[in-house]
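The values are calculated or read from the model by the stated rules, or taken from the named source; none is laboratory data. Keep in mind that this is a model prediction, so the values were computed, not measured. Virtual Cβ from ideal backbone geometry, glycine too; neighbours counted across all protein chains shown.
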Amino acid sequence: MRPLSQLTPKRLKNIRLVCFDVDGVTIKKGTFIREKETRQTETLTIRTQLLEERIKQKLLELKKYYFIAINSGRSTIYLKDVFNELLWDNVALIGEVGIFSLLDGQVVQHEKFTKATLEKMRNIRSALEKYAAKTRLAEAFEQKQFLITLHTRFEDNNVYDIVKRVDPEGEFRAIWSGEAFDILPKRLNKGVALANLCRHLKISPRQTMAIGNGRNDRDMVETAGIGVTTEPKVLEADYYTTGKSHLGGEELVDKLLELWTEI
Ligand SMILES: [Mg+2]
């Protein structure tokens, strides 16, 4: 791994697309989510960080030169709220780990699930709901269409056991993101999502660069021609960001804008 400062214009020659993770990379981490249920009502409270104006302006500048993909486990509704002003040209917002994207003025569902998979999804969700009701570790389920996202106080191993019990065939897996578990079919990951987008745009994954920070970003960073990590201890990649005061995503945008004139 090399520091991002060693990235050269020559390496960027064939790059057409830059793919960003969201939480901890383009937006500060820290989602607060709670669910409260009484006999008659249900209250869901969510507090998340917003995209900083400065970073937004830099992304708008960057999309003059590169196609920008935002690749996240978040719902496309959340992504559209936050990255609204980047739409529509030269941008794709990939949500729910590639199940959906906002692209070319459309909401596209990339993954179709069989009846059996949907049923298993429902069974996993209801087993986790039962568990969440009796433990203080679970905070809330994030609103998504298909992806099951359960926020817990820490990496609670019971979640892995529950998924295994309901799905002994191992079609699904749970991934810990640092603040929540995403539970989804094994064949889906952010790398597959990036490859799907490349197929749509008729470019090769080698012509892409991707930046992430967690275990759930590994496939994405490996699929891309150039991988960047903001957390080299957690995630390996070709390059790592070093800035302490900035989000890693901003450091990458700064570097790309700086090098662009030399390409
Ligand atoms: Mg991440």
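Going residue by residue through the stretch 49-58, is there one that turns out to be outside any strand (DSSP E or B), within 16 Å of the ligand (Cβ to nearest atom) and without any contact (Cβ under 8 Å) to a residue 40 or more places away in the chain?
Yes, because at least one residue in the stretch 49-58 is outside any strand (DSSP E or B), within 16 Å of the ligand (Cβ to nearest atom) and without any contact (Cβ under 8 Å) to a residue 40 or more places away in the chain.
Any residue that is modelled with pLDDT of 95 or more and away from the ligand (no atom under 16 Å from the Cβ) - is there at least one of those in the stretch 37-47?
no
Which numbered condition in (1) more than 21 Å from L128 (Cα to Cα); (2) in contact with a Pro (Cβ under 8 Å, 6 or more places away or on another chain) is the only one that F172 fails?
(1)
Consider L17 against the criteria (1) under 23 Å from A180 (Cβ atoms); (2) crowded, with 21+ Cβ neighbours inside 10 Å: it satisfies all of them except one. Which criterion is unmet?
Only one criterion in (1) under 23 Å from A180 (Cβ atoms); (2) crowded, with 21+ Cβ neighbours inside 10 Å is unmet by L17, namely (1).
Among the residues in the stretch 97-114, are any crowded, with 19+ Cβ neighbours inside 10 Å and assigned to a helix (DSSP H, G or I)?
Within the stretch 97-114 (the criterion being crowded, with 19+ Cβ neighbours inside 10 Å and assigned to a helix (DSSP H, G or I)), the answer is yes, since at least one residue qualifies.
With respect to L184, is the statement that it is within 15 Å of the ligand (Cβ to nearest atom), over 22 Å from A237 (Cα atoms) and touching a Phe, Trp or Tyr at 6+ places or on another chain (Cβ under 9 Å) true?
Considered against the rule, which asks whether it is within 15 Å of the ligand (Cβ to nearest atom), over 22 Å from A237 (Cα atoms) and touching a Phe, Trp or Tyr at 6+ places or on another chain (Cβ under 9 Å), L184 comes out as yes.
Return the total of residues in the stretch 193-223 being of a type outside the set (S, T, N, Q), in a helix (DSSP H, G or I) and away from the ligand (no atom under 16 Å from the Cβ).
8
Modelled with pLDDT of 95 or more, in contact with a Cys (Cβ under 6 Å, 6 or more places away or on another chain) and either surrounded by fewer than 16 Cβ atoms within 10 Å (Cβ to Cβ) or of a type outside the set (G, A, S) (or both), is that true of N71?
Yes: the conditions hold for N71.
Could you list, in sequence order, all residues of the stretch 172-181 that are more than 15 Å from the ligand (Cβ to nearest atom) and either within 15 Å of D23 (Cα to Cα) or without any contact (Cβ under 8 Å) to a residue 24 or more places away in the chain (or both)?
Across the stretch 172-181, the qualifying residues are R173, A174.
Of all the residues that make up the stretch 132-155, how many are more than 20 Å from F100 (Cβ to Cβ) and either buried (at least 18 other Cβ atoms within 10 Å of the Cβ) or assigned by TED's automatic domain parsing to the domain that holds G73 (or both)?
6
Assess whether A127 counts as being modelled with pLDDT of 95 or more, aliphatic (A, V, I, L, M), assigned to a helix (DSSP H, G or I) and within 26 Å of V234 (Cβ to Cβ).
Here the answer is no, as A127 does not meet what is asked.
Pairs please, first residue from the stretch 69-81 and assigned by TED's automatic domain parsing to the domain that holds G214 and in contact (Cβ under 8 Å) with a residue 24 or more places away in the chain, second anywhere and part of a strand (DSSP E or B) and of a type in the set (F, W, Y), Cβ atoms under 9 Å, 6+ apart in sequence or on different chains.
Close Cβ pairs satisfying both conditions: A69/F20; I70/F20; N71/F20; S72/F20; S75/F100; T76/F100.
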